[in-house]
1. Suppose the filter is at pLDDT 95 or above and closer than 30 Å to residue 50 by Cβ; does residue 151 pass it?
2. Suppose we filter region 134-148 for residues that are within 17 Å of residue 183 (Cβ to Cβ) and assigned to a loop (DSSP other than H, G, I, E, B); how many remain?
3. Could you tell me whether residue 77 is part of a loop (DSSP other than H, G, I, E, B), more than 31 Å from the chain's Cα centre (by Cα), without any contact (Cβ under 8 Å) to a residue 40 or more places away in the chain and farther than 18 Å from residue 42 by Cα?
4. Looking only at region 77-119, count how many residues are surrounded by 12 or more Cβ atoms within 10 Å (Cβ to Cβ) and hydroxyl-bearing (Ser, Thr, Tyr).
5. Of these, 24, 69, which one is modelled with pLDDT under 90, surrounded by 15 or more Cβ atoms within 10 Å (Cβ to Cβ) and either closer than 30 Å to residue 111 by Cβ or within 24 Å of the chain's Cα centre (by Cα) (or both)?
6. Among (1) under 19 Å from residue 43 (Cα atoms); (2) open to solvent by less than 40 Å² (accessible area, probe 1.4 Å); (3) free of Cβ contacts under 8 Å to residues at least 12 places away in the same chain, which single condition is residue 176 missing?
7. Between 95, 69, 59, 115, which is farther than 30 Å from residue 189 by Cα, in contact (Cβ under 8 Å) with a residue 40 or more places away in the chain and either aliphatic (A, V, I, L, M) or in contact with a Pro (Cβ under 8 Å, 6 or more places away or on another chain) (or both)?
Amino acid sequence: MREKDSSAKPFDLMEFLRIRPRKIDEKYKKYASLNRRAFAATIDTFIAMFTISPIIELILKYSVQVREITEAEFSAIHNNPDPQSKYTEFKKLLIESGKLYEFLLSSTLQIVLLIAASAICWKIWSATPGKMLLRLKVVDAETEKPMTNRQIIIRALGYIPSCVVFFLGIIWIYFNKRKQGWHDKMANTVVIIITSKNKTADLPKEPA
């Protein structure tokens with residue numbers, strides 16, 4: 001009777017179907033994943049709700065005159081049988097009430113203040129509060145030292161194309177080996193995980 005080969009490799013269904021999660025090269029493990037960075041961004045968003053949002057509300061309060069739209073005005077537009085006329089009247093109502101201007105100003109202020117706050121945090125700590133809590137730092141891609149002023153400005157402005165094109169610049173982090181988004185590519189930066197084996201980002205800052 002033929003003896004069973006004990007050294008034979010057991011059948012691996014995951015490997016056979018080629019759906020085993022891809023292995024990450026050791027040299028790339030220090031770069032923060034999209035999930036980890038998204039979690040850090042979520043923390044930053046909650047912090048912004050309690051810091052930046054009150055500032056925006058204060059600015060809007062003293063810079064925009066807004067009146068509430070009445071139910072009768074909504075009903076008149078809703079009962080209009082002409083779709084084109086309905087759209088024109090609704091747009092006119094938003095402009096006259098100040099709602100459209102309030103929305104545009106609020107959106108612009110949110111983007112500008114968030115980018116400015118992020119840039120300040122990068123300059124001081126090389127990370128936003130959310131990244132600091134998750135032990136992440138944004139550094140130069142080549143030297144892993146803190147960013148220069150030029151890199152900070154480019155990276156901050158780089159968030160605009162990264163986000164406006166269906167967030168493709170952010171999603172790109174998942175596919176890039178060094179987990180760089182478009183804004184990282186533009187500024188030549190990376191986001192690294194600070195561990196006991198990786199302290200290069202704690203080096204003294206170089207002049208911009």
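1. Considered against the rule, which asks whether it is at pLDDT 95 or above and closer than 30 Å to residue 50 by Cβ, residue 151 comes out as yes.
2. 4
3. Judged against the criteria, residue 77 is not a match.
4. Of the residues in that region, 6 qualify.
5. Values: 24 fails: surrounded by 15 or more Cβ atoms within 10 Å (Cβ to Cβ).
The conditions single out 69.
6. (1)
7. Values: 95 fails: in contact (Cβ under 8 Å) with a residue 40 or more places away in the chain; 69 fails: in contact (Cβ under 8 Å) with a residue 40 or more places away in the chain; 115 fails: farther than 30 Å from residue 189 by Cα.
After applying the criteria, what remains is 59.
The values are calculated or read from the model by the stated rules, or taken from the named source; none is laboratory data. Fair warning: this is a prediction, and the values are worked out from it, not measured in the lab. FYI the Cβ positions are ideal-geometry reconstructions off the backbone, even for glycines, and counts take in every protein chain you see. Side chains included, ligands, DNA and RNA excluded: accessible areas come from the protein's heavy atoms. Shrake-Rupley method; radii C 1.70, N 1.55, O 1.52, S 1.80 Å.
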